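The values are calculated or read from the model by the stated rules, or taken from the named source; none is laboratory data. If you're wondering where the values come from, they're calculated on a predicted model, not measured in any experiment. Don't worry about glycine lacking a Cβ; one is built from the backbone with ideal geometry, like all the others, and counts go over all protein chains shown. These accessible areas exclude ligands, DNA and RNA; they are computed on the full protein's heavy atoms, side chains included. Shrake-Rupley method; radii C 1.70, N 1.55, O 1.52, S 1.80 Å.
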Amino acid sequence: KLRQKEAYCIMDKRKAANKRVKDRLFTALVGFAGRKDWSKLTVTELIEESGVARASFYRNFKSVEDLIDYGIQQMTLRYHEGKREQGEDLRSRQAVLYKFRFYQENAGTVLAFHHAKAATTLLDVITDCEIEAHGDMPASSISKYELYYYSGAFYNMMLCWLENGMKEGPEAMADEFLRIMNHEC
């Protein structure tokens, strides 16, 4: 049993070391946002910026696109870990407030995706999160478009807020989003 415990401890250390490598590479990727289009970024540039060995990059990723996907997965994971309830109403103040707070905390990553012209990927993630939380609408129903409308409206409002320096608090943004969603003038 002692050897088995030691083996688990070694595996945990390796996993933690790999996570640190992945995170360093992703931090380097984010650092290129606005300076260089991610689709033109090379592995050499990333490893030089991150200080990670080429072998470590290829042990964890096949390409720069895989690294981008990793960043999205990590952000999605954090989003879901912080959520208390699944299946809440789209117009729930608690749900909208959570979203604004989450994206405020992750503003650097969100803006990096936007400046790197990878914003469509982020919009897809936001839409997928809404579908996961609320279920996809039946294909035969016209109401299936509501989640897509909601996701796009939220994404655009959130992005504008982040780009303008988040002068309003998440609470004010949640209230304004809900006011607009409820068609209150």
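The table below lists the values:
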read-out	value
Selection count, the stretch 42-54, where residues are open to solvent by less than 70 Å² (accessible area, probe 1.4 Å) and either in a helix (DSSP H, G or I) or in contact with a helix residue (DSSP H, G or I) (Cβ under 6 Å, 6 or more places away or on another chain) (or both)	7
Enumeration of residues in the stretch 146-185 that are assigned to a loop (DSSP other than H, G, I, E, B), of a type in the set (Asp, Glu) and surrounded by 13 or more Cβ atoms within 10 Å (Cβ to Cβ)	GLU168
Residues (modelled with pLDDT of 75 or more, open to solvent by 30 Å² or more (accessible area, probe 1.4 Å) and among the polar types (S, T, N, Q)) located in the stretch 125-145	none
Subset of the stretch 75-108 [open to solvent by less than 40 Å² (accessible area, probe 1.4 Å) and at pLDDT 90 or above]	VAL96, LEU97, LYS99, PHE100, PHE102, TYR103, ASN106, ALA107
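Results for (1) touching a Cys at 6+ places or on another chain (Cβ under 7 Å); (2) at pLDDT 90 or above; (3) under 30 Å from LEU97 (Cβ atoms), shown as yes or no for each residue.
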residue: VAL30; (1), (2), (3): no, yes, yes
residue: LYS36; (1), (2), (3): no, no, no
residue: SER39; (1), (2), (3): no, no, no
residue: GLU49; (1), (2), (3): no, yes, no
residue: ARG59; (1), (2), (3): no, yes, no
residue: LYS62; (1), (2), (3): no, yes, no
residue: ILE72; (1), (2), (3): no, no, yes
